[in-house]
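Chemist: Input: one structure, supplied below.
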Amino acid sequence: TNDDGSEGVAAFLGRDGTWYPLMGADLARVDSLRPVAQRVAQEAHRRLRLLRFGSREELEVIAVRFAAAHHTGAQGERIAAAFAANRQAIAAGDWEAFGDTDQAFHLAIADAAGNPYLFAVLSAVRQMQRDIIGLMATHVGTLAAADTQHVTIFAALMAGDADAAAAAMHAHIRY
């Protein structure tokens, strides 16, 4: 990560429309590796895009946008199951279960995005922040707010409304 907490990933666009990372790197490395990444992309006959993620928020928004647009029935069922388990944890006021089920809900969304690289990066970022999410959940009103936000995200995602799902996730992560 960079001093400001940003992370960078060099990637190229595959024939299937998926962005494939060439390597994880901090911002300085992403910029310094631009010529190498460009050469690899040119040799592979692919477009190059250097992505910079300033926070988990951008990853979560990308994931929910793709999941809303492309999730399968089975993925939708996994998201629904994780969503239901999260609501149960919230209703019970179970902080530990909330952390586990929140993780499961967000990762089910990431899985439904259909990009294993996005899933891997988001999974790693969420794992690093797992303790922080559990601590945040103990603040009064946080569980109720998370529940309301999850309901909005879930409804938009299941309706296939990628823009609404992305806006809801953006608001949720910024909360």
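The values are calculated or read from the model by the stated rules, or taken from the named source; none is laboratory data. Please read all numbers here as calculations on a predicted model, not as lab measurements. Ligands, DNA and RNA are excluded from the accessible area calculation, which covers all protein heavy atoms including side chains. Shrake-Rupley method; radii C 1.70, N 1.55, O 1.52, S 1.80 Å.
Chemist: Distance between Cα centroids, the stretch 144-160 to the stretch 60-115: provide it in whole Å.
Modeler: 10 Å
Chemist: Another question, if that's okay. Largest first, how would His150, His70, His172 line up by accessible area (1.4 Å probe)?
Modeler: Putting His150, His70, His172 in descending order of accessible area: His70, His172, His150.
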